[in-house]
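The next block holds one structure in the form of C-alpha cells; read it before the comments.
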Amino acid sequence: MDSDVLLEVAIQEAGYEPGISKLHNINISVKRGKLTGLIGPNGAGKSTAIKGILGLLPFADAQVTYGGSSDKYAYVPEQPLFYDRLTLWEHLSLAAAVYGMDEPEFEAEGNMLLEKFRMTQVRDHLPESFSKGMRQKMMLMLGFLVKPDVYIVDEPFIGLDPRATKDFLSLLEEERRRGAGVLMSTHVLDTAEKICDDFIMISSGEVVASGTIDDIREAASLPEASLFDCFDVLT
C-alpha cells in the first residue's frame, strides 16, 4: 500500500439482503492531504458504500485498509446521532475519553471548536433542544476533535447555513494541510467541484467515472463542462 494512501477500499459486492447486491466493484482510494468526493444521484449507493467501509452492512465482500500513523478515523453521519441526557460538552468529553485525549488537550480543542462553530453559548445544553443545523455542527465538532488520519463524511452540508459551511470548509482545509485524508459523500456539486481533488461517481451501485475533474469531463466527453453537466450525462 502506497505510503500516501490513508484509506483503500475494494467492495466487490455488498447489500442488505443475501443475494441482492446494492454495490458492485466499488474501488476508492483516499490519499494524504486530499479530499475525495463520493457523488451520485439519490439512491445511487453513496451511503451504502460508506456503510460498507464502516463494516455496517450485513452482507459484504469487501476489503478496507487504513494507512497512516494510526488507524484513527472520524465518521460524520448524515443524520445526527446523540445521547438525550448528555450536553454538548459532555458529548465532546465522552469522545475525548474514548480516543484517549488528555484533559488540557481536550479543553483547548473543545473550546476552539465551540468558538469556531459559534456554539459556546449552548455548551451545557442538551442537543434535543438544538436545531437540525446545530446538531449537524455538533457532529462535525465531534469529528474534528480527535484529529484522525481519515475523515469519512456523509452529506455534511445538509442543515448548515452559509457561515457554518464556511467554518466547516476552513477546518477541513486545516486538517488537509495537517495531512489528513477526506472521503466526503455529497450532492452539492458546485461546492464539490471547487474543493475536491478527485471524485468517485456512482450510479445504480457502480462506478461510472472516477478521477480528477478533467478525468470526469473526459468520461462525459465534455472537455469544458461543469461537474453538474458531467453528472447529468453520466448518471
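Tabulated results
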{"read-out": "Sole exception among (1) closer than 21 Å to residue 47 by Cα; (2) surrounded by 19 or more Cβ atoms within 10 Å (Cβ to Cβ); (3) in contact with a Gly (Cβ under 9 Å, 6 or more places away or on another chain) for residue 164, by number", "value": "(1)"}
{"read-out": "Answer from 217, 163, 178 - the residue that is assigned by TED's automatic domain parsing to the domain that holds residue 3, modelled with pLDDT of 95 or more and farther than 18 Å from residue 29 by Cβ", "value": "217"}
{"read-out": "Residues of the stretch 127-148 classified as surrounded by fewer than 22 Cβ atoms within 10 Å (Cβ to Cβ) and within 26 Å of residue 198 (Cβ to Cβ), total", "value": "2"}
{"read-out": "Hey, residue 65 surrounded by fewer than 19 Cβ atoms within 10 Å (Cβ to Cβ) and at pLDDT 95 or above or not", "value": "no"}
{"read-out": "Counted residues, the stretch 12-27 - those being closer than 30 Å to residue 174 by Cβ and buried (at least 21 other Cβ atoms within 10 Å of the Cβ)", "value": "1"}
{"read-out": "The stretch 95-111: number of residues that are under 21 Å from the mean Cα position of the chain (by Cα) and part of a helix (DSSP H, G or I)", "value": "5"}
{"read-out": "Failed condition for residue 83, given (1) among the hydroxyl-bearing types (Ser, Thr, Tyr); (2) out of contact with any strand residue (DSSP E or B) (no Cβ under 7 Å at 6 or more places or on another chain); (3) within 22 Å of residue 233 (Cα to Cα)", "value": "(3)"}
{"read-out": "Qualifying residue in the stretch 63-80 (condition: among the polar types (S, T, N, Q) and in contact with a helix residue (DSSP H, G or I) (Cβ under 6 Å, 6 or more places away or on another chain))", "value": "no"}
{"read-out": "Test: residue in the stretch 186-197 that is outside the structural domain of residue 112 (by TED's automatic domain parsing), more than 14 Å from residue 157 (Cβ to Cβ) and assigned to a helix (DSSP H, G or I)", "value": "no"}
{"read-out": "So residue 36, is it crowded, with 19+ Cβ neighbours inside 10 Å, assigned by TED's automatic domain parsing to the domain that holds residue 173, on the phi < 0 side of the Ramachandran plot and not in a loop (DSSP other than H, G, I, E, B)", "value": "yes"}
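The values are calculated or read from the model by the stated rules, or taken from the named source; none is laboratory data. Since this is a predicted model, take the numbers as computed values, not measurements. Every residue, glycine among them, receives a Cβ derived from its backbone with ideal geometry; neighbour counts consider all protein chains shown.
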